[in-house]
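Please read the structure below before turning to the comments.
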Amino acid sequence: MAKRRERDDTDRRKKQEKMLVYVEMIFFFSAFLLLTLKEGWDWTGFLLAVLIPVIIYVTTVWLAGWLRADKLLMAIVNFLCALGVLMLHTTDRIAGFSRGIQQLGHYGLGLVVMFCCILFVRIIRRWKWPVRILLALSVILIILPVLIGKEINGAQNWIFIGGFSLQPSEIVKVSLGIILSYYMSERRFWTWFVFLAICMGALMLQRDLGTALVYFTASLILFYAHSGNVLLTLAGLAGASGAAVFGYHAFRHVQNRVAAWKNPWSDYHNTGYQLAQTLIAIASAGLTGVGLGLGSPCDIPYYFTDFIFAIICEQFGLLFGIFTMVLYAIIILRGMSIAIHTRYSFYGLLAMAVTALLGMQTFIIIGGVLKLIPLTGITLPFVSYGGTSMLSCMALIGLLQGVSSINQDEMKYDSQISCAEEAQPAV
Amino acid sequence: MPAEIYEVVALAARFWFLLLMGLIVWYSYRWYARERRARKRLLDELPDAGFVGEFVVMRSTGKFKQGDALHVPFEGTLGMLFDNDIVLDASGVAPRHIHFRYDRKRGLKMLPIKQNNFCTDRGSSEDSPAGLFAVHGTRLYVGDCELRLRMFEGYEVNPPPGETAPVYVPIPPVGQEAGLPPAAPAPIPYGPAAPVQADGYRPAGYAAPAGSFYGRGIPAEPPASPYGRRIRGRFSTGRVETSPTDGESVQTANPYRSRRTVYGFKRVSPDRAVSGTPEPQVQEAAPPQAEETVVKPTAPTAPGERSACAPVRDDTLQTAEPIRQEKTPPAAETVHTPAPEPEPAASASSAKPVQPKASRAEAIQRAAASADAAPAKGRTPEPRSAAHRLPAAEDELFQPLMDEDDWDSWEEIPAPHTPAALQQPQNNNDPDEEDWPYLSRPDQWRTEGLFADLLDDDGTDAAQPGGAYGSRDMGTTARRMLSRYFKGGGR
């Protein structure tokens, strides 16, 4: 009787898991079909309406099971990535670009990177030399924009090689998590501290303050998770406050952004235009939005990268935006759960680093869009347009998935040696 | 589609998309919450999940008592502060003293933090800057505490670099001197399912140089006293002469005692909390000189240095503990011990060579081995676990004359299985239950109420190497774990 009940529970659980995937598939099929019918028959929209649900099903149900990845994380990440493709395709119809298709390519490439990262974490057992190589490459990459970088929007954080543009700070973000986790777990303070100092110095020289803020806050969270030292963490926080005050007085564009944050209407046509348009879009959408494919998303500068959350709120409504934030919160909670349940400190710190990086990036950009904090130019993970951003975020999720799969292996081993075969490991 | 119609459809579709998004969030949260609950429930049923073993407190001046167990995770720190993975609040222990990490192939690697020091029975942290590896049974001396590692998994591990592989061979039983065939080495399979090592085994590969900690921790077989050699040889010879075969009648008179009395089970020494490292043998010529444990300072403690190596007990020297144990033999022993008059305790401990009482694990092994002879006496042989098939020393039933002075009187006692005894008229193939000379099989001990307060559920006093939990019933496992680690209390 007990076994039958457990089997029924397992069947019900699997059914509920598939329900989430089916609902996501229905959501994107109906959304892309609606856009397909907007102005005649759009074959691109129809292709996306078929392709996106198939990708969601295959990656969430098949590939995640094959790689023992976390299916919940996979389902949420797939939803957010597909949501980015949907929003970009919506604005493409208005602005006449093809960013939706490009983002679909980034999404597919990101899935490949994610699965490689899962295998990377699962296969590599001795991280000494991989981390050393990553450390050397990261130092070179983070310094490269200072030497040969091109300034875009006040930040010199892009390099152009052979027709391809690259933002090295997004790539170093992935290696930062690995390097900090490894050297913290090895209790080698100066190694990771010097590396972090080099990264922060290079980012300050590039005037990429948003990424520097993400790096620093994630490192501080990681340090607290590793040491539990409240005093030193508070000291780091105080140092960051001092650095913020120094940056405010040192950089002119920081002063402009703070001024725009305090009152965007004071300089509406210049520095406050971006934020004012964002607030207008969100406010005009109300709780349920203006409708998919409607509204004026292109009035917001950089609607496809930094302000894509405002477009989501405008077209789907504030409730939908809140639900999107809940999905990000579930990713963070899940990441912390994975970090807590690891057996080894390196994997725990790695999961915590990934969670902190993604969480801080999400908080900073959504807080900036909603005028909670001064706006900084970073992307919304998984949703914003950009190949480097998409690849780095998917790589981070891949690292998290790899740690999760190791956790599952450990719990399976525990269940086996305790003869508790019926017990299914959760994470 | 005309723009007006599309606008109407898009406005209507807002609610559809909102509904689907609500469902997605709801299903996601339910998925997350359900798996969190499932994981919590699973961890409640597997209290050892995430731990590789436990440190059993053997000696401590702090608030810990002898026998307390401190769970050891895969990786972490040991120290006095509450945020350490192993909190050891005792004098001489630094706030963060040791960093440890478990290696499935080599054991628990321990490194001192900052300038702190510690010792194991393999050496001192000062002499091993690369770290010390601890395996099942390793003693750890940190501050004023003496801990002993008891591993749940990875019992058989590879040796540290520079040492040879641990090939376990049995210590030759003393009965071999009387003509017994040599016991074959028992191969211990590698892996978590390896059986529990008997105390009579020692890692032959770890031939540590004389004078090292490890060398002293596992001494060589001490020379047997003339008395012991004579008595054991006689006893063993008697057993060999009468080793029963199928259909052969056996004696029914039990010259020893009730079957419910087993020697060596009266004392639960904290030293025996972990099996796998042999109990120190008592040397023949060592005089029982003191009533306290003999210790040797092994590493000088610099003034002001936090927790230098604690003095390590020298197991090669005789301690008073076995002597005290032998002063109070079980009542049943005195009943069946023939003639000799007991000596005063002072005289008994003054000059006589002392044979330490068999440990609990040894006695279990021996009893299991003696039970192996049972099928020849009419019982149906049943497959037994590998741990029960370990070759046992043949001297296990020799215990009672520790305090006796008139040793020669023992010579007059007829051997239990002499041919004369077998020819007694009351002998038959259906022996009386109370006169059964052998201990019943270990799997019958629990049903017969034997050693209920001493034995684990697996019939030993040690954790199963493959995990401390080995039941198919998870509720039983959980209750047993609670009882074992929390003394019946809640978590």
Pull up all non-local amide H partners of B:ARG59: gap of 5 or more, or a different chain, and H-to-H distance under 5 Å with H placed in the peptide plane. B:GLU146
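Translational diffusion coefficient of region A:300-370 at 4 °C, 1.567 mPa s, Stokes-Einstein with Kirkwood Rh over Cα pairs, in µm²/s as a whole number.
Here the translational diffusion coefficient equals 97 µm²/s.
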At R0 = 25 Å, FRET efficiency that the Cβ-Cβ distance of A:ILE140 and A:PHE189 yields, to 0.05: 0.60
Taking the Cβ-Cβ separation of A:TYR57 and A:ASP409 as r and a Förster radius of 30 Å, what is the calculated FRET efficiency to the nearest 0.05? 0.75
Hand me the chymotrypsin sites (Phe, Trp or Tyr not before Pro) from region A:192-264 located in a DSSP loop with no more than 15 other Cβ atoms within 10 Å, in residue order please. A:PHE251
Hey, fewest Cβ within 10 Å first, where do A:CYS393, A:CYS116 land in order? A:CYS116, A:CYS393
Before rounding to the nearest 500, sum -39500 (n - 2.57) across all DSSP H runs of length at least 4 in chain A and divide by the residue total; then give [θ] at 222 nm in deg cm²/dmol. -25000 deg cm²/dmol
For region A:1-86, alpha-carbon Rg relative to the globular expectation (2.2 N^0.38 Å, N residues): 1.33
Spelling it out for B:THR120: with amide H atoms placed in the peptide plane at 1.01 Å from N, the residues 5 or more places away or on another chain with amide H under 5 Å from its amide H are B:SER125, B:TYR141
With charges only on Cβ, +1 for K and R and -1 for D and E, what is the dipole size of region A:123-417 about its Cα centre, in debye, rounded to 20? 680
With a cut-off of 8 Å between alpha carbons and a minimum separation of six or more residues, what is the relative contact order of chain A in percent? 20
Summing Lys, Arg as +1 and Asp, Glu as -1, what charge do residues with Cβ under 14 Å from the Cβ of A:LEU350 carry, A:LEU350 excluded? +2
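Under a point-charge model restricted to the Cβ atoms of Lys and Arg (+1) and Asp and Glu (-1), what is the dipole moment magnitude of region A:219-378 relative to its Cα centre, in debye to the nearest 20?
Roughly 360 debye for region A:219-378.
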Can you work out ³J(HN,Hα) from phi for every residue in region B:105-113, in order, using Karplus 6.51 cos²θ - 1.76 cosθ + 1.60 and θ = phi - 60°, giving whole Hz and x for Gly and Pro? 9, 10, x, 8, 8, 10, 10, x, 9
Nearest 0.05, what FRET efficiency do B:ARG104 and A:SER241 give at R0 = 45 Å with Cβ-Cβ as r? 0.50
What ranking of A:HIS249, A:HIS226 emerges when the number of other C-beta atoms within 10 Å of each C-beta is taken as an exposure proxy, fewest first? A:HIS249, A:HIS226
Principal axes first, then extents: for the Cα atoms of region A:123-417, list largest minus smallest coordinate on each axis, whole Å, largest first. 62, 46, 45
Per residue of A:139-149, count partner chain C-beta atoms within 10 Å of its C-beta, then hand back the mean as an integer. 0
Can you give me the relative contact order of region A:22-133 as a percent, contacts being Cα pairs under 8 Å and 6 or more apart? 19
Given A:LYS412/B:LYS109; A:LYS128/B:LYS109; A:LYS71/B:LYS109; B:LYS40/B:LYS65; A:LYS15/B:LYS40, which pairs have Cα atoms separated by over 28 Å? A:LYS71/B:LYS109; B:LYS40/B:LYS65
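With only Lys, Arg, Asp and Glu charged, each at its Cβ (+1 for the first two, -1 for the last two), find how big the charge dipole of region A:302-427 is about the Cα centre; round to the nearest 20 debye.
320
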Karplus-derived 3J(HN,Hα), 6.51/-1.76/1.60, for each residue of region B:75-83, Hz, glycine and proline x: 7, x, 10, 10, x, 8, 6, 6, 8
Per-q log10 I(q)/I(0), region A:344-409, q = 0.26 Å⁻¹ (Debye; single scatterer per alpha-carbon; no solvent): -1.06
Along the charge dipole of region B:1-75, Cβ charges K/R +1 and D/E -1, which of B:MET1, B:PRO73, B:VAL56 sits furthest on the positive end? B:VAL56
Separation in nanometres of the label points that stand 7 Å from Cα toward Cβ, at A:PHE160 and B:LYS65: 7.7
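Read-outs throughout are calculated quantities, based only on the coordinates presented, and are distinct from any laboratory measurement. A quick note: this is a predicted structure, and the numbers were derived from the prediction, not measured. FYI the Cβ positions are ideal-geometry reconstructions off the backbone, even for glycines, and counts take in every protein chain you see.
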